[in-house]
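One structure follows; several queries about it will come next.
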Amino acid sequence: MGFFAESLGTGLGLIVALDADLRRIVATSLFTSLSAVGLASMIAVPAGVLTALADFRGKALLKHGLNALMAVPTVVVGLVLYGLLSRRGVFGDYGLLFTPFAMIIGQTVLVAPLIWNLVLTAVEARDPRLAFTCRALGANRRQQALIVIHEARHALVAATILGFGRAIGEVGVAMMLGGNIEHHTRTMTTAIALETSKGAFALALALGIVLVVIALAVNLALSLLQGVRR
C-alpha cells in the first residue's frame, strides 16, 4: 500500500507541475485522436445519413458489416494497416509507418464504422413523418438530408463523442503503427504500458489519472447532451 500511495503522490505531483514529458504525451494523444475523429466524422456522418435515407439492395448486409467492423480487435486493424504502410506494403513509399499520421489513419479506420453505425441507427429512429413531410413540401434528396441532420444533430454529436472516447483509449493501433517512439508517437495508453513495464509506476499513474479524467469528461458531455435532447 505504501508503494502505491507513494507512486500516486508522485504522479499527482507530475500533473500539478505540468511535467514536460506528461504534457507531450497527452498532447500527442489528443492530436491524433481529435484528428482521427474529425476525419472519421467527415466520412461517416454523411455516409450514415445517406445510408439511412436510401433504400438499396444489400443494405441489411452493410449493417451487418458495420456491426462486425465495430467488434474487430484494434490489434487486427493495426496488423492490416501495418502490412499496407510498411516498406514492402502498397503504401510503403510514402514513409507513413511509425509517424503520427499512421496513427491517425489507423484510428480513423477504427472509429469510422462506429460513428457510421450510430448515425445510421439514429437517423432510422427518427419520426417517420419527417420524411413524408419533406417530400410533401417538395424537398429534394439533398434538402431532406440537411433537414434530417439538423433534427438528429444531438445524436450525431453523441456519435462523434463516443468515437473520440474509443480513439483516445485504444492501444493496439497506436502501438503497432506509431511504434511508441519517445517525443514523437508516444500516447497515453502506449506510455502507460511501457512505463509500467519499466517500473516507472508514478508516470504511468499520472497518465492513467489524466486518461480517466478525459473519459469522465466524455461521459459527462454525453450525459449533458442526453439531458438537452430530453
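The values are calculated or read from the model by the stated rules, or taken from the named source; none is laboratory data. Since this is a predicted model, take the numbers as computed values, not measurements. Cβ coordinates were reconstructed from backbone atoms using ideal geometry, including for glycine residues, and neighbour counts include every protein chain displayed.
Return only the number of the condition from (1) closer than 19 Å to Asp21 by Cα; (2) touching a helix residue (DSSP H, G or I) at 6+ places or on another chain (Cβ under 8 Å); (3) touching a residue at least 40 places away in the same chain (Cβ under 8 Å) that Thr160 does not satisfy.
(1)
Now, a different point. Among the helices (runs of 4 or more DSSP H) lying completely within the range 106-188, list those that include at least 3 residues that are closer than 29 Å to Ala206 by Cβ.
Values: elements: 129-136, 141-151, 153-169, 172-178.
Of the helices (runs of 4 or more DSSP H) lying wholly inside the range 106-188, those with at least 3 residues that are closer than 29 Å to Ala206 by Cβ span 153-169, 172-178.
OK, next. Going through the range 31-58 one residue at a time, which ones are over 14 Å from His183 (Cα atoms), within 15 Å of the chain's Cα centre (by Cα) and touching a residue at least 40 places away in the same chain (Cβ under 8 Å)?
Residues of the range 31-58 that are over 14 Å from His183 (Cα atoms), as a first pass: 33-58.
Those left that are additionally within 15 Å of the chain's Cα centre (by Cα): 33-45.
Listed by number, the residues that qualify are Ser33, Leu34, Ser35, Ala36, Val37, Leu39, Ala40, Ser41, Ile43, Ala44, Val45.
Considering every residue within the range 45-54, establish whether at least one is in contact with a Ser or Thr (Cβ under 7 Å, 6 or more places away or on another chain) and modelled with pLDDT under 95. Steps first, please.
So in the range 45-54, the residues in contact with a Ser or Thr (Cβ under 7 Å, 6 or more places away or on another chain) come out as none.
Looking through the range 45-54, none of the residues is in contact with a Ser or Thr (Cβ under 7 Å, 6 or more places away or on another chain) and modelled with pLDDT under 95.
Sticking with this one: Among the candidates Glu151, Glu170, Glu182, which residue alone is touching an Asp or Glu at 6+ places or on another chain (Cβ under 9 Å) and within 30 Å of Arg23 (Cα to Cα)?
Numbers: Glu151 fails: within 30 Å of Arg23 (Cα to Cα); Glu170 fails: touching an Asp or Glu at 6+ places or on another chain (Cβ under 9 Å).
None of the other options fit; the residue is Glu182.
For Leu224, which of the numbered conditions (1) within 25 Å of Ala44 (Cα to Cα); (2) touching a residue at least 40 places away in the same chain (Cβ under 8 Å); (3) among the hydrophobic types (A, V, I, L, M, F, W, C) fails to hold?
Result: Leu224 fails condition (2) only.
Same structure again: In this structure, does Ala191 turn out to be buried (at least 19 other Cβ atoms within 10 Å of the Cβ), under 20 Å from the mean Cα position of the chain (by Cα), of a type in the set (Gly, Ala, Ser) and over 23 Å from Leu39 (Cα atoms)? Steps first, answer last, please.
Numbers: buried (at least 19 other Cβ atoms within 10 Å of the Cβ): yes; under 20 Å from the mean Cα position of the chain (by Cα): yes; of a type in the set (Gly, Ala, Ser): yes; over 23 Å from Leu39 (Cα atoms): yes.
It is true that Ala191 is buried (at least 19 other Cβ atoms within 10 Å of the Cβ), under 20 Å from the mean Cα position of the chain (by Cα), of a type in the set (Gly, Ala, Ser) and over 23 Å from Leu39 (Cα atoms).
Which one of the conditions (1) in contact (Cβ under 8 Å) with a residue 24 or more places away in the chain; (2) closer than 29 Å to Val49 by Cβ; (3) of a type outside the set (S, T, N, Q); (4) surrounded by 15 or more Cβ atoms within 10 Å (Cβ to Cβ) does Glu124 fail to meet, given that it meets all the rest?
(4)
Filter the range 92-105 down to the residues that are in a helix (DSSP H, G or I), free of Cβ contacts under 8 Å to residues at least 24 places away in the same chain and in contact with a Leu (Cβ under 8 Å, 6 or more places away or on another chain), then identify the one that is farthest from Met42 (Cα to Cα).
Filtering first and then ranking leaves Gly92.
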